[in-house]
Structures are given as C-alpha cells and as structure tokens.
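Dropping the structure in here first, questions after.
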Amino acid sequence: MLNLGKLHFGGDYNPEQWPKDVWKQDIELMQKAGVNLVSLGIFSWAKIERSDGDYHFDWLDEAMELLHEGGISVDMATATASPPAWLSMANPEMRAVNFDGVQLSHGGRQNYCAASSVYRQKADALVEQIASRYAKHPAVVMWHINNEYGCHAPYCFCENSRQAFVAWLKERYSSLDELNASWGTDFWSQRYYDWDELVVPKRTPDGTHPNPGQQIDFKRFTSELTLDLYKMERDIIRKHDSVHPITTNFMSMKFTYAMDYWKWSREMDFVSTDHYLAQHDPDNHIDLAQQADLTRGFASGKQWLLMEHSTSAVNWQPRNYAKTPGQEKRNSASFVARGSQGVMYFQWRQSQAGSERFHSALVPHAGEDTRVFREVSELGNWLAENPGVADYPTDRADVAMVYDYEQFWALMQANLPTQDISYADTVAKIYRSFWENGTRVDFVPGDVDLETLKQYKLVVLPMVHMLSEQEEQVYHDFVAQGGNILISYFSNIADRTLRVKLGGYGGKLVRDLAGVYVEEFYPLREGQGKLSNGYEIGLWSELSRAEGAEVIASFEATDVDGSPALTVRDHSGAKVWYQGTELSLSSQKKFLGEICSQLGVSSEGGGSTEVVRRGPFKFEIDHKANTVSLSS
Ligand code: GAL
C-alpha cells in the first residue's frame, strides 16, 4: 500500500503574493502551528514563465530553500491551472467556449480548453521545467498536478472540442449506424450520415434539448479528455521522479460533478480532495462526512488526503458565515477519522488583494493573535501528538452505497417525469438517514464487482437509472450468493446509452429481483400522498403491482392508491427491498433502521454524534456539544 506516512498538516502556500521579508515570518509561524507540508506554486505560471519560454525560478528556488531549512515539506504543484495573459491573449482558441457559444474572457482563472493543442504544448513544457528542476529537491514529498480540474469551465463547446468529440465517438462506436441506434436519432430527424455532421451539445431552440445520448456521451468524453491532461503531466513527472506520489485535488460532489472521479482515481498514486462547507446549513458536518466517505471509496483501500478546506469563512457563497469556535476541529477530526492522512487548507496566509482576499486562511489579515490561528495551531499540535492514527485505515462499514457520476449526469437532463428529481439530494438523504442512525457507509462505483459487494451486509442502489446488462448481472449474482440489496425508484430504467428497457420499468432488477411490475410513473403533487404504514412521502409514486414481492406499505391518497410503495422479496434468505417513492427524512431513517436491524448491521453513535474507528483509534465527535475525543 502506498504510504503517505505521517499525518500532514498545512495548506496552499503562495509566497509570490508577498514580499520576501514576510516569507521568513511565514516559516516561523508554520513551525509554531505545527505545519509540516505546503502545496507550492499552484497558481504561479505567470510568475514563472513571463513570456514564451522565459522561465524564472530564482524566487521559487529561494522559497523552497527556506521551507526545507525550516523542516517543512513540499507538495510541488505543476502550476498549469491558470495560463498567463500573454499566452491566452496570443492564442484565443485556448480559452473555453461556453454552452451558448460565448468565448470566456481571460481575467478569472482556470480558463482553458482541454482540447487545445497550444494549452497542451505549453503545459507540457512548463511541467518538464518544473519536474526536471525539483524532482531531486529534498523538500519535495509529493506532486500536485494542476488544480481542481473541471472547476470553472469544465465543458468547452469550441470547434477543437467538437473535433475531439467526434474522434472520441469514432472510438466508442463501431459505426455511425451503431451511434444512430444508441442515441435513437430517428427521433426528431436527428439521423447522421457522416461523422462530420456531429456537433457538441450546445444550446438548441427553446423548449428543446440536445439528444440525451449525445449529452451523456459529451459528459463522458469531457471527463476522459480532461483526464488525459492529468496523465500527460503525470507521465512527465514520472520520467524525472520515480519515487514520490502524484495526485490532483478533487472537488466535493456538492459543488461540482463534471469529472468521473472513480475513473480518475484509477490513474492516481493517491487520491486527494478539497471540501468546503455550505456554511448556512446547520447539518453541514453530514455532507462533510459523506464527501469524506466518498473519497475513501475513490481511494479504494489506498491512503488519501484532504488537500483543501477552510479554517473559517469562504468568499464565494452568497453569505460567507465564519466557522464557530470549535467547529474547525470537529470538521478536521471527521476527515481524519474517515481516513484522511492529515488536514490541509486553502490557504496559508490570507491574501491582501485579489478575489479571495475575504477567504479565511491559517494566518488571517489580523495576524497570529487571532482565534483562527490559535485554533489551527492547537489542531496542528493535536495531530502531531497522535501520529499512530496514520498507520490504520478507517474500519470498513457494513453498508455499501452505489455512487455513480453517470447517474448524476443522466438525471440532470431535462424531459424526465419530474424536474424535481435530484440524484444528489436522494443520495444525500439516504446517507444522512444512515448517519443519524449511527450506521456507517462505504461508497462503491456503479461498475462494482461481485467480490467487493460480498464484503457488505447491505448494498443500496439509490436511483441507479442506467445499468448495462453486465452490471445487472453482478447484482443478480450477488443476491444469488446471499447478498441483500435495497433498490430505489427510477432505477435500471435504461441501458448506458439512455435507451429505455421495455417490459416493466426496472427490468431485471425491479421486475425480476424485487418482484415488482412497474407500469407508469405518477410524480406527486405538492402535499399529496402517504403510505399505508404511516410513512411520509413526496415527489414520486408509481402504478405497480407485486409479482413475487411482499408488500410492506402501499400508496394512499395518491392517484395510484394500493400500488406497492415499499416491498421486500426473499431469495432463499437473501433479501431484495424496493422503495418506489421518496421518503421524508424521518421515514427514511425508520425504514433503513428496520432493514439494518433485520440484517444485524452495526451502529454506533447517532443523533448528533459520529463514532468512527481507525483500527485501535476511536473518534467520537459530538456536533451538538461541540466536542471531539480520540481514544485508543
Ligand atoms: C478551491 C480552490 C482554491 C481556492 C478555494 C477557495 O476551489 O482550489 O484555489 O480558490 O477553492 O475556497
């Protein structure tokens, strides 16, 4: 297993924003706060390369030396995230074109088209310079490629992107006929007769949307094309450094979802992620726990690292509430409990100028005599006192939940039975129900294999809308071998090209495994409906009948009264539950609690307290009492 060693503590360090006399003070304060790692140079391209091929590393060499002498390690960035003005102004085709065909202006950040050959060549040359220069530097312990790929302009709709998309489609489909059949292009006169007729899914006339198959393929294509950029940089670094691990920082699903991180993770030495709270949400620690568990899933048994979060307020939400005293320790402890090899932030010193000047940092504008600096220093020293935690992975949960970016993308499209469907909200509600019941969850990908599933007492499939035949088979085999699953509504409706499976919605999963024949969807009107067992519902009902399933509860006060809403079917001891509606949080908790107690799923904590174990270490975090305890 890759060993990231000790627990890391620190954050993005941007010395280029400060005069050199501040740098020395930075090192002293870092030592005081217990900082042992900084991410260096993430947004330094313009400072390093001042005109074409004119590289300046003297300032960076100096910063590296100071850090090294101060005993602080470096997560060396490749600086390719934000191309300098001289480059993007000279090559306008480098800048992304949005859904409406508007080319985005230089002046923000991370504005580049992943299909641009100029961007690729210049990024390649820059990484070559940085990797060859610093590969042997004793301060470097890991590499940080680019920054949050896909954050600001994930999709580019320019002509270069179109050509790359067409090339990608030619690889994916054996012929244009196959593409036409998969996308169903005989609908609305969309049939293509030549590859060159294919377009990117830009804005179409009002009330219409690009073809669903085209839309989902464009999302797949973009994730893969962008991943190619990562691989390009990774391979350059590898030529110069065969020792230190390479990563790029992911983003939490709450705010961005353009990259399929399951696929990305397979290309990375270790997974790292960023996470920012929706600070207006009093229960944001549950979203945090979900993102941490999801990241542990991406890491798939390897170590991972929280690369960025905030010491207090951010600057980009409508209202940027500061963290309350003690909140940051709870947040960090939850990440470490769930497997992070440390705690990193954006950023070390709060900027004096620029868009992020009101974003918190480890050293606030007011300096070290501040609540924030005292709290983070206390935290840094607390981590240093518990080095043994780094040696253990987080204990496996009894429950696995399938999480799949492609479902997210499919369910974001228009023209579904109701626009109120939200993959993210459904997953979050199920996760939250488990969390509040004190039941831990591991996340697994949509193409999970049987051996992985067999480790769990219960596997939950929330709105797994598309499944290939091969994937359906895995769940069949799992149940045949004694596995228990819970399938939610609107699952297995289509194959992976979004063609609907005929003969009863849910096909082999809902009809065959769950034993429920679903014939029509009945989205609920506001306030309509309840279940015969008293559970509260919303959003969804369906006209269905049990065909082998035992009905736990049926719909009432709906247009489909008597249709089964919650069912269970026994397959020689293995159980398949089906949930044909969206339950309220309290009903979802009851339903899952009942299932878990039948299956002997363990739970610990609950309510406002989370209890998570890493081997002998037990983290107990009470979000109401605002306390964190770590025992072993
Ligand atoms: C992240 C980004 C950082 C910083 C931070 C602010 O998305 O990687 O550079 O902008 O947000 O919250």
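Might you check whether a residue that is touching a helix residue (DSSP H, G or I) at 6+ places or on another chain (Cβ under 7 Å), assigned by TED's automatic domain parsing to the domain that holds residue 509 and open to solvent by less than 30 Å² (accessible area, probe 1.4 Å) occurs anywhere in segment 379-388? Before the answer, list the steps.
Residues of segment 379-388 that are touching a helix residue (DSSP H, G or I) at 6+ places or on another chain (Cβ under 7 Å), as a first pass: 379-380.
Subsequent filtering for residues that are assigned by TED's automatic domain parsing to the domain that holds residue 509 retains none.
No, segment 379-388 contains no residue that is touching a helix residue (DSSP H, G or I) at 6+ places or on another chain (Cβ under 7 Å), assigned by TED's automatic domain parsing to the domain that holds residue 509 and open to solvent by less than 30 Å² (accessible area, probe 1.4 Å).
Follow-up. Looking only at strands (runs of 3 or more DSSP E) that lie completely in segment 1-101, which have at least 1 residues being acidic (Asp, Glu), crowded, with 22+ Cβ neighbours inside 10 Å and within 16 Å of the ligand (Cβ to nearest atom)? Walk me through how you get there before you give the answer.
Values: elements: 8-13, 37-40, 73-77.
Answer list for segment 1-101: 8-13, 73-77.
Among the residues of segment 289-312, which ones are in contact with a helix residue (DSSP H, G or I) (Cβ under 6 Å, 6 or more places away or on another chain) and either open to solvent by 10 Å² or more (accessible area, probe 1.4 Å) or within 16 Å of the ligand (Cβ to nearest atom) (or both)? Break it down stepwise before answering.
Residues of segment 289-312 that are in contact with a helix residue (DSSP H, G or I) (Cβ under 6 Å, 6 or more places away or on another chain), as a first pass: 289-290, 292, 298, 304, 306, 311-312.
The answer is 298, 306, 311, 312.
From 128, 159, which residue is among the acidic types (Asp, Glu), open to solvent by 10 Å² or more (accessible area, probe 1.4 Å) and within 30 Å of residue 102 (Cα to Cα)?
Details: 128 fails: within 30 Å of residue 102 (Cα to Cα).
Being among the acidic types (Asp, Glu), open to solvent by 10 Å² or more (accessible area, probe 1.4 Å) and within 30 Å of residue 102 (Cα to Cα) holds for just one of 128, 159, which is 159.
Assess whether residue 340 counts as being closer than 16 Å to residue 307 by Cβ, more than 16 Å from the ligand (Cβ to nearest atom) and surrounded by 15 or more Cβ atoms within 10 Å (Cβ to Cβ). Break it down stepwise before answering.
Working: closer than 16 Å to residue 307 by Cβ: yes; more than 16 Å from the ligand (Cβ to nearest atom): yes; surrounded by 15 or more Cβ atoms within 10 Å (Cβ to Cβ): yes.
Yes, satisfied.
Going by the structure shown, is residue 357 surrounded by fewer than 14 Cβ atoms within 10 Å (Cβ to Cβ) and within 16 Å of the ligand (Cβ to nearest atom)?
yes
Also, I was wondering about something else. If only one of 261, 257 is open to solvent by 20 Å² or more (accessible area, probe 1.4 Å), assigned by TED's automatic domain parsing to the domain that holds residue 321, touching a residue at least 12 places away in the same chain (Cβ under 8 Å) and within 16 Å of the ligand (Cβ to nearest atom), which one is it? Write out each step before concluding.
Details: 261 fails: open to solvent by 20 Å² or more (accessible area, probe 1.4 Å).
257 is the lone residue from the list that is open to solvent by 20 Å² or more (accessible area, probe 1.4 Å), assigned by TED's automatic domain parsing to the domain that holds residue 321, touching a residue at least 12 places away in the same chain (Cβ under 8 Å) and within 16 Å of the ligand (Cβ to nearest atom).
If a residue has to be polar (S, T, N, Q), modelled with pLDDT of 95 or more and within 27 Å of the chain's Cα centre (by Cα) to count, how many in segment 588-625 make the cut? Don't jump to the end; show me each part of the working.
So in segment 588-625, the residues polar (S, T, N, Q) come out as 588, 597-598, 602-603, 608-609.
With the extra rule that they be modelled with pLDDT of 95 or more, the set shrinks to 588, 597-598, 603, 608-609.
Now narrow it down to the ones that are within 27 Å of the chain's Cα centre (by Cα): 588, 603, 608-609.
Residues in segment 588-625 being polar (S, T, N, Q), modelled with pLDDT of 95 or more and within 27 Å of the chain's Cα centre (by Cα): 4 in total.
State the number of residues belonging to segment 360-385 that are within 16 Å of the ligand (Cβ to nearest atom), small (Gly, Ala, Ser) and in contact with a Lys or Arg (Cβ under 7 Å, 6 or more places away or on another chain).
1
Evaluate the following for residue 136: is it over 26 Å from the mean Cα position of the chain (by Cα) and open to solvent by 40 Å² or more (accessible area, probe 1.4 Å)? It would help to see each step written out before you state the result.
On the way: over 26 Å from the mean Cα position of the chain (by Cα): yes; open to solvent by 40 Å² or more (accessible area, probe 1.4 Å): yes.
For residue 136, the condition - over 26 Å from the mean Cα position of the chain (by Cα) and open to solvent by 40 Å² or more (accessible area, probe 1.4 Å) - is met.
Looking at segment 224-237, which of its residues are within 16 Å of the ligand (Cβ to nearest atom) and either free of Cβ contacts under 8 Å to residues at least 12 places away in the same chain or in the same structural domain as residue 422 (by TED's automatic domain parsing) (or both)?
none
A follow-up question, please. Mind listing just one residue for me: the one in segment 590-611 that is part of a helix (DSSP H, G or I) and open to solvent by 60 Å² or more (accessible area, probe 1.4 Å) and, of those, nearest to residue 286 (Cα to Cα)? Quick ask: steps written out before the conclusion?
If we filter segment 590-611 for residues that are part of a helix (DSSP H, G or I), which is where we start, we get 590-599.
Checking the rest, the ones that are also open to solvent by 60 Å² or more (accessible area, probe 1.4 Å) come to 590, 594, 597-598.
Numbers: 590: 18, 594: 21, 597: 22, 598: 25 Å.
Among those residues, the one meeting the criterion is 590.
Sort out which residues of segment 557-566 are surrounded by fewer than 18 Cβ atoms within 10 Å (Cβ to Cβ) and either part of a strand (DSSP E or B) or touching a Gly at 6+ places or on another chain (Cβ under 7 Å) (or both), and write them in order of number. Outline the logic, then answer.
Restricting attention to segment 557-566, the residues satisfying the condition of being surrounded by fewer than 18 Cβ atoms within 10 Å (Cβ to Cβ) are 557, 559, 561-562.
Within segment 557-566, just 557 meets the criteria.
Related question: How about segment 494-516: which of its residues are part of a loop (DSSP other than H, G, I, E, B), open to solvent by less than 10 Å² (accessible area, probe 1.4 Å) and under 19 Å from residue 470 (Cβ atoms)?
506
Would you mind finding the one in 569, 614, 545 that is open to solvent by less than 50 Å² (accessible area, probe 1.4 Å) and either in contact (Cβ under 8 Å) with a residue 60 or more places away in the chain or more than 30 Å from residue 323 (Cα to Cα) (or both)? Before the answer, list the steps.
Values: 569 fails: open to solvent by less than 50 Å² (accessible area, probe 1.4 Å); 545 fails: open to solvent by less than 50 Å² (accessible area, probe 1.4 Å).
On inspection, the qualifying residue turns out to be 614.
Give just the number: which of (1) open to solvent by 20 Å² or more (accessible area, probe 1.4 Å); (2) touching a Ser or Thr at 6+ places or on another chain (Cβ under 9 Å) does residue 405 not satisfy?
Result: residue 405 fails condition (1) only.
Kindly indicate the residue of segment 206-243 that is outside any helix (DSSP H, G or I) and among the charged types (D, E, K, R) and also nearest to residue 411 (Cα to Cα) among those meeting that condition. Lay out the reasoning, then the answer.
The initial filter retains those residues of segment 206-243 that are outside any helix (DSSP H, G or I), namely 206-211, 241-243.
Subset that is among the charged types (D, E, K, R): 206, 241.
Details: 206: 20, 241: 42 Å.
If we take residues in segment 206-243 being outside any helix (DSSP H, G or I) and among the charged types (D, E, K, R), then 206 is nearest to residue 411 (Cα to Cα).
Between a residue in segment 238-252 that is more than 10 Å from residue 147 (Cα to Cα) and open to solvent by less than 10 Å² (accessible area, probe 1.4 Å) and any residue that is among the basic types (Lys, Arg) and more than 16 Å from the ligand (Cβ to nearest atom), which pairs come within a Cβ distance under 7 Å, given they are 6 or more apart or on different chains?
Close Cβ pairs (under 7 Å, with a partner that is among the basic types (Lys, Arg) and more than 16 Å from the ligand (Cβ to nearest atom)) amount to 246/234.
The values are calculated or read from the model by the stated rules, or taken from the named source; none is laboratory data. All of these numbers come straight from a predicted model, not from anything done at the bench. For neighbour counting, all protein chains shown are included, and Cβ atoms are generated from backbone atoms with ideal geometry for every residue, glycine included. Only protein heavy atoms, including side chains, enter the accessible area calculation; ligands, DNA and RNA are left aside. Shrake-Rupley method; radii C 1.70, N 1.55, O 1.52, S 1.80 Å.
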